[in-house]
Amino acid sequence: MLSGRTEVQVRPGVEGDLDALTELYNHYVRETAVTFDTVAFLPEERRPWLLSHPEDGPHRLLVAQEPDSGARPGRLLGYATSSPFRPRPAYATSVEVSVYCAPDAAGRGIGTLLYQALLEALEGEDLHRAYAGIAQPNEASVRLHERFGFRHVGTYEEVGRKFGRYWDVAWYERPLGPRT
């Protein structure tokens, strides 16, 4: 349960989620500086991204979904991912994580639920660090990451240009796996 509301299911993302995932992400592309993509995607353009996140392993895609209501499947409320941090082999034990919530689901604990499930799923993987880049300002995302033990490690100033202005990205990291 989330704050006394209807139970939300968290599960691996599947190809059947592609349209809803694309629609949710495109909201952030068109309306916010949360992502530095500037052109909305078609679902078939997002398919390789979805397929790069299998149900197990270090690169995951988890979705939060409302319960089914009769003949209608539950609506997608958000998703969280762990993706390769950088392409070179020495970075294989690091992942970049992100979370996106449907606009009307923000502030309902969906991001917390997704990150909790994602970080638990990653516990058994051969991973050392998780990184998150947060376009600034975004106090809600900063609070979410700090709640899960991420710490600020630096800020790239004016690194991206969108909507006619430059945006900073604050970088956060969190240890994963056994502590040495």
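Does Leu122 qualify as being closer than 27 Å to Glu7 by Cα and not basic (Lys, Arg)?
yes
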- Message: Being within 25 Å of Gln9 (Cα to Cα), surrounded by fewer than 17 Cβ atoms within 10 Å (Cβ to Cβ) and at pLDDT below 95 is the requirement here; does Glu123 meet it?
- Response: yes
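Evaluate the following for Ser82: is it in contact (Cβ under 8 Å) with a residue 24 or more places away in the chain and either in contact with a Pro (Cβ under 8 Å, 6 or more places away or on another chain) or on the phi > 0 side of the Ramachandran plot (or both)? Lay out the reasoning, then the answer.
Working: in contact (Cβ under 8 Å) with a residue 24 or more places away in the chain: yes; either in contact with a Pro (Cβ under 8 Å, 6 or more places away or on another chain) or on the phi > 0 side of the Ramachandran plot (or both): yes.
Considered against the rule, which asks whether it is in contact (Cβ under 8 Å) with a residue 24 or more places away in the chain and either in contact with a Pro (Cβ under 8 Å, 6 or more places away or on another chain) or on the phi > 0 side of the Ramachandran plot (or both), Ser82 comes out as yes.
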- From Glu66, Glu96, grab the single residue that is touching a residue at least 12 places away in the same chain (Cβ under 8 Å) and closer than 21 Å to Ala130 by Cβ. Glu96
- Assuming Gln136 fulfils every condition listed in (1) farther than 18 Å from Gln65 by Cα; (2) among the polar types (S, T, N, Q); (3) within 14 Å of the chain's Cα centre (by Cα) apart from one, which condition is it? (3)
- Message: With surrounded by fewer than 13 Cβ atoms within 10 Å (Cβ to Cβ), of a type outside the set (Ser, Thr, Tyr) and part of a strand (DSSP E or B) as the only criterion, which of Arg161, Arg174, Arg143 stands out?
- Response: Arg161
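Would you check which residues across the stretch 128-140 are in contact (Cβ under 8 Å) with a residue 60 or more places away in the chain and either buried (at least 19 other Cβ atoms within 10 Å of the Cβ) or hydrophobic (A, V, I, L, M, F, W, C) (or both) and list them? First the steps, then the outcome.
Taking the stretch 128-140 first, the residues in contact (Cβ under 8 Å) with a residue 60 or more places away in the chain are 135, 138.
Listed by number, the list holds a single entry, Ala135.
If you check His152, His128, His145, which single one turns out to be touching a Leu at 6+ places or on another chain (Cβ under 9 Å) and either farther than 18 Å from Arg60 by Cα or not aromatic (Phe, Trp, Tyr) (or both)? Full working, then the answer.
Values: His152 fails: touching a Leu at 6+ places or on another chain (Cβ under 9 Å); His145 fails: touching a Leu at 6+ places or on another chain (Cβ under 9 Å).
After ruling out the rest, the residue left standing is His128.
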- Note down all Cβ pairs under 9 Å where the first residue falls in the stretch 104-127 and is of a type in the set (Ser, Thr, Tyr), the second is crowded, with 18+ Cβ neighbours inside 10 Å and part of a helix (DSSP H, G or I), and they're at least six residues apart or on different chains. Thr112/Leu144; Tyr115/Leu144; Tyr115/His145
- Message: Here is a list: Thr155, Thr112. Which entry is in contact with a strand residue (DSSP E or B) (Cβ under 6 Å, 6 or more places away or on another chain) and of a type outside the set (D, E, K, R)?
- Response: Thr155
- Thr93 passes all but one of the listed conditions (1) modelled with pLDDT under 95; (2) more than 26 Å from Asn26 (Cβ to Cβ); (3) touching an Asp or Glu at 6+ places or on another chain (Cβ under 8 Å); the exception is number (1)
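The values are calculated or read from the model by the stated rules, or taken from the named source; none is laboratory data. If you're wondering where the values come from, they're calculated on a predicted model, not measured in any experiment. Cβ atoms come from the backbone with ideal geometry, glycine included; neighbour counts cover every protein chain shown.
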